[in-house]
Amino acid sequence: MTRPTEEPVIRIATTPMDANVYGGVFGGWLLSIMDAGAGLIAARFTKGQTATVAVDGISLESPVKVGDEVSVYGKVERIGRTSFTVPVESWKRDRHEEESSLVGRALFTFVALDAGGKPRRIDENPKEQAA
């Protein structure tokens, strides 16, 4: 498996606050970073507010340790009228090494929202609705 070639949407170093007593990063922490990365992709795609409505196919491939750098990659797929999916991969790299390895995958589904928090068509510009 090779790491994606595009720039990651998020890159962060893990800290002791992200880990359990054995020095392994919590799976929930990793999932939250993946959701944040997918959310950045979603906001850029819709040019407005979105909400995560589902997370499917979560797999945690290998442990992440305190001090590892975690990078999140993703892209928009399967576009509907108000919703779309963003498959995300997370990769880790020991801060003293060059090689990365896959640590997690998940498929996030988002809904585009209008100013009132209701679903809106993806092709509608939320800034025009607010005017």
Exercise. Roughly how tilted is helix 27-46, in degrees to the nearest 10 and between 0 and 90, from the longest Cα axis of the chain?
Worked result: 30
Exercise. What residue among Ser59, Thr109, Pro87 has its Cα farthest toward the positive end of the dipole of region 28-131, where the charges are +1 on Lys, Arg and -1 on Asp, Glu, each on the Cβ?
Worked result: Thr109
Exercise. Which whole-number value in Å² is the accessible area per residue of the chain, probe 1.4 Å?
Worked result: 59
Exercise. What relative contact order, as a whole-number percentage, does the chain give when Cα pairs under 8 Å and 6 or more residues apart are counted?
Worked result: 28
Exercise. Hey, can you rank 48-60, 86-98 by average C-beta count inside 10 Å, highest first?
Worked result: 86-98, 48-60
For this session: Please go through region 33-88 and write out the GluC sites (Glu not before Pro) that DSSP classes as loop and that have at most 16 other C-beta atoms within 10 Å.
Result: Glu61
Problem set entry | Tensor-based shape of the chain (alpha-carbon gyration tensor, a/c under 1.5 rounded, otherwise prolate or oblate) | prolate
Exercise. When the helices in the chain are scored as -39500 (n - 2.57) per DSSP H run of 4 or longer and the sum is shared across all residues, what 222 nm value do you end up with, to the nearest 500 deg cm²/dmol?
Worked result: -6000 deg cm²/dmol
Exercise. What's the carbon and sulfur percent of region 35-131's accessible surface, probe 1.4 angstrom, rounded to a whole number?
Worked result: 50
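The values are calculated or read from the model by the stated rules, or taken from the named source; none is laboratory data. Since this is a predicted model, take the numbers as computed values, not measurements. Positions of Cβ are generated from backbone atoms using ideal geometry, with glycine treated the same way; all protein chains shown enter the neighbour counts. Ligands, DNA and RNA are excluded from the accessible area calculation, which covers all protein heavy atoms including side chains. Shrake-Rupley method; radii C 1.70, N 1.55, O 1.52, S 1.80 Å.
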